[in-house]
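Asker: Got a structure here, written out as structure tokens. Questions coming.
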Amino acid sequence: LLSRLWNAPAFKNVRPAKLKAILEFYQPVAQKIYLAMQSGNQRSAVFTGVCRGEGVSTLISNIASFLAMQLNLKVLLIDGNLREPSLHRIFGISNNSGLPEAIKDNSNIAKYVSQVMENLDVIPGRNVSEEPVAMLSSAAFKEMIKKAEKQYDVILVDSPELKAFQDAAVISSQVDAV
């Protein structure tokens with residue numbers, strides 16, 4: 001597993017000793033989250049924090065990576081932060097098109113997905129001039145999540161902090177778990 005992690009874009013600059021510590025920390029966290037979702041027959045979840053800078057994007061990226069690599073689950077990670085997206089930087093992918101376009105072009109979300117490692121796909125977010133809450137509360141977004149649930153074992157959505165924005169609350173009504 002360490003060799004697979006070492007080659008993953010999100011971990012390319014991490015020393016082996018630190019990588020092992022990361023693995024030891026996130027492994028039980030990822031397993032518990034997956035078991036909780038599985039016991040409630042839930043396939044999609046939103047992750048958020050109270051304040052900016054709490055490390056939620058790092059947390060969700062690592063959990064998604066471990067679910068994909070260690071539990072061999074097909075995972076879709078969505079950057080639902082349309083104000084300050086960060087998953088594209090974490091995984092080293094472009095965010096020229098992403099979630100806003102995937103919502104609008106609901107018929108084919110595959111063209112907005114980047115495979116970042118085996119079993120882990122990411123739909124990046126990007127800043128939008130439109131109101132993010134309207135986009136995230138739309139029927140099109142909910143339909144996109146439902147379509148994704150047919151293709152993936154787990155869908156995880158990153159969102160902005162609760163203290164400043166209502167985006168996470170809106171996303172929570174579109175997914176199975178918070």
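Asker: Quick check on the range 19-60: of everything there that is under 14 Å from the mean Cα position of the chain (by Cα), of a type in the set (S, T, N, Q) and more than 14 Å from ILE155 (Cβ to Cβ), which residue is surrounded by the fewest Cβ atoms within 10 Å (Cβ to Cβ)?
Answerer: The selected residue is THR58.
Asker: Something else: Note down all Cβ pairs under 6 Å where the first residue falls in the range 78-92 and is small (Gly, Ala, Ser), the second is open to solvent by less than 20 Å² (accessible area, probe 1.4 Å) and at pLDDT 90 or above, and they're at least six residues apart or on different chains.
Answerer: Close Cβ pairs satisfying both conditions: GLY80/VAL157; GLY80/ASP158; GLY80/SER159.
Asker: For residues that are at pLDDT 90 or above and in contact with a helix residue (DSSP H, G or I) (Cβ under 9 Å, 6 or more places away or on another chain), scanning just the range 105-116, find the one that is most open to solvent (accessible area, probe 1.4 Å).
Answerer: As a first pass, look at the range 105-116 and keep what is at pLDDT 90 or above: 110-116.
Cutting the leftovers down to in contact with a helix residue (DSSP H, G or I) (Cβ under 9 Å, 6 or more places away or on another chain) gives us 110-114, 116.
Working: ALA110: 68, LYS111: 122, TYR112: 32, VAL113: 33, SER114: 33, VAL116: 15 Å².
Residue satisfying both the conditions and the ranking: LYS111.
Asker: Which of the numbered conditions does GLY55 fail, given that it passes all the others? Conditions: (1) under 11 Å from GLU161 (Cα atoms); (2) touching a residue at least 40 places away in the same chain (Cβ under 8 Å).
Answerer: All conditions pass for GLY55, except number (2).
Asker: I would also like to ask the following. Just to check your reading of the model, which residue among ILE155, ILE93 is within 25 Å of GLN31 (Cβ to Cβ) and of a type in the set (A, V, I, L, M)?
Answerer: Numbers: ILE93 fails: within 25 Å of GLN31 (Cβ to Cβ).
Matching residue, one of ILE155, ILE93: ILE155.
Asker: Can you name the residue in the range 117-145 that is of a type in the set (S, T, N, Q) and farther than 17 Å from GLU101 by Cβ and is also least open to solvent (accessible area, probe 1.4 Å) among such residues? If you could, list the steps in order and put the result at the bottom.
Answerer: Filtering the range 117-145 for residues of a type in the set (S, T, N, Q) gives 119, 127, 129, 137-138.
If we keep only those that are farther than 17 Å from GLU101 by Cβ too, we end up with 119, 137.
On the way: ASN119: 29, SER137: 63 Å².
Here the answer is ASN119.
Asker: Further question: If a residue must be open to solvent by less than 30 Å² (accessible area, probe 1.4 Å) and closer than 20 Å to GLU143 by Cα, how many such residues does the range 73-86 contain?
Answerer: First, the residues of the range 73-86 that are open to solvent by less than 30 Å² (accessible area, probe 1.4 Å): 73, 75-82, 85-86.
Pick out the ones that are also closer than 20 Å to GLU143 by Cα and you get 75-82.
Number of matching residues: 8.
Asker: Looking for something at pLDDT 95 or above, among the β-branched types (Val, Ile, Thr) and either open to solvent by less than 60 Å² (accessible area, probe 1.4 Å) or more than 23 Å from THR58 (Cβ to Cβ) (or both) - is there at least one such residue anywhere in the range 87-101?
Answerer: For the range 87-101, residues at pLDDT 95 or above, among the β-branched types (Val, Ile, Thr) and either open to solvent by less than 60 Å² (accessible area, probe 1.4 Å) or more than 23 Å from THR58 (Cβ to Cβ) (or both): absent.
Asker: In the range 136-163, what count of residues is obtained for those that are more than 17 Å from ASP105 (Cα to Cα), aliphatic (A, V, I, L, M) and not in a loop (DSSP other than H, G, I, E, B)?
Answerer: Going through the range 136-163 one residue at a time, the tally reaches 4.
The values are calculated or read from the model by the stated rules, or taken from the named source; none is laboratory data. Just so it is clear, the structure is predicted and the values come from calculations on it, not from any experiment. When we count neighbours, we look across all protein chains shown, and the Cβ atoms used for this are built from the backbone with ideal geometry, even at glycine. When the accessible area is computed, the model is the full protein with side chains, heavy atoms only, and any ligands, DNA or RNA have been set aside. Shrake-Rupley method; radii C 1.70, N 1.55, O 1.52, S 1.80 Å.
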